[in-house]
1. Compute the acute angle (0 to 90°) between the alpha-carbon long axis of helix 313-326 and the principal axis of greatest extent of the alpha-carbon atoms of the chain; round to the nearest 10°.
2. With the cut-off at 1.5 for a/c, could you classify the stretch 46-180 from its C-alpha gyration tensor as rounded, prolate or oblate?
3. Using Cα centres only, tell me the gap between the stretch 56-105 and the stretch 195-253 in whole Å.
4. State the label only: which of [x] 59, 52, 42; [y] 69, 49, 37; [z] 97, 51, 41 corresponds to Cα extents along the principal axes in Å computed from the shown model?
5. Given labels modelled 7 Å from the Cα in the Cβ direction, how far is it in nm from residue 184 to residue 252?
6. Can you give me the relative contact order of the chain as a percent, contacts being Cα pairs under 8 Å and 6 or more apart?
7. Can you tell me the 0 to 90 degree angle between the C-alpha axis of helix 128-138 and the longest principal axis of the chain, rounded to 10?
8. When the helix-only estimate is applied to the chain (DSSP H runs of n ≥ 4, each -39,500 (n - 2.57), divided by the residue count), what is the mean residue ellipticity at 222 nm, nearest 500 deg cm²/dmol?
């Protein structure tokens, strides 16, 4: 599952150092009061990770795959608990339909792993792709079909297909998405904690709003709140007319009376993500702001009501969009209106399959998790986005966080 994190998370993180310098050593009182919320967290057990591998094997058999190949990223962590950032040395995992998971790693890192089949190579003298191809042959996939996980870099795939020309390489999505899209109770518990922490970070940071504040200052306060709560996170912050841009703006903004404040961010607990957006008024709202905010909330409610087992992803998007276009916005994805999908999958990646968007006929199943974030963007004026993440149960969708009840009450 590709990590489709929004660009603002990168630019926001880059601005944190400047925001911290601007504040010096000052920590607002609202943030000083915060205490870590990470006590009692239960990591994913080894038993559950083994069950994931067994499910992957069944899916490989159903899709006629002899194995799948993974590099560092969310899927490798999902199956093994190993975190790895890809670099110039091949560090790969083969999950065969039959046989032991096999690591192909540089000899200098082999001692960091535990497993029955670790195949180390010496960088600069051995051919790592020959070692990888040999592992695939040993597990019976040398002349069949092998799935390539979507995080595998093209250079790795290209080298592997030349090392193993008899193998047909296809997407591993039927296996990785088939496993990761349905969250277990343990995964839901970790996501719940991440959402709880995000709400508390917002509460504290919103207490620091003041006339003339820059978005960098508020961003720094949110970051400080996350650190105090024990789960570092990222943020996008927009004021006034800039709230209409779904992914914010790098233009410096200073908060003034009557501005809408939009904050979109999340944190991770044991790798599992939260993603919450709050749009609130600073000062007194106009009737126009109240009306658009209320319409946005109705669209969010409509999506949640439509998100039931058996419903298609596109029907959830259509339910939210109908509310917005029915009020005269749009049509379709046109602005003023809702210019993007209603929601995305979420789990170990902030954005992962599958998506609540037109054309996606995937049916919802219990255990699937999504953001619910229709937006009303009015360029040159303001925008409103309310985002809470939901998980599908046998009886419909449930939110991880309480929805905003009013434009001046960001927390339920």
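Here, each number is a calculation from the coordinates, and none is a lab measurement. Bear in mind that the values here come from a model prediction, so they are computed numbers and not experimental data. Note that each Cβ is placed from the backbone with ideal geometry, even for glycine, and that neighbours are counted across all protein chains shown.
1. The helix 313-326 is inclined about 20 degrees to the chain.
2. Working: a/c = 1.55, a/b = 1.16, b/c = 1.34.
Oblate is the answer for the stretch 46-180, as a/c is 1.5 or above yet b/c matches or exceeds a/b.
3. Comparing the Cα centres of the stretch 56-105 and the stretch 195-253, I get a distance of 37 Å.
4. This structure yields the entry labelled [y].
5. Using points 7 Å along Cα→Cβ, the separation is 5.0 nm.
6. Numbers: 899 pairs, mean separation 66.4, N = 412.
The normalised contact order for the chain reaches 16 percent.
7. Helix 128-138 sits roughly 70 degrees off the main axis of the chain.
8. Numbers: 11 runs with 145 residues, N = 412.
Dividing the helical sum by the residues of the chain leaves -11000 deg cm²/dmol.
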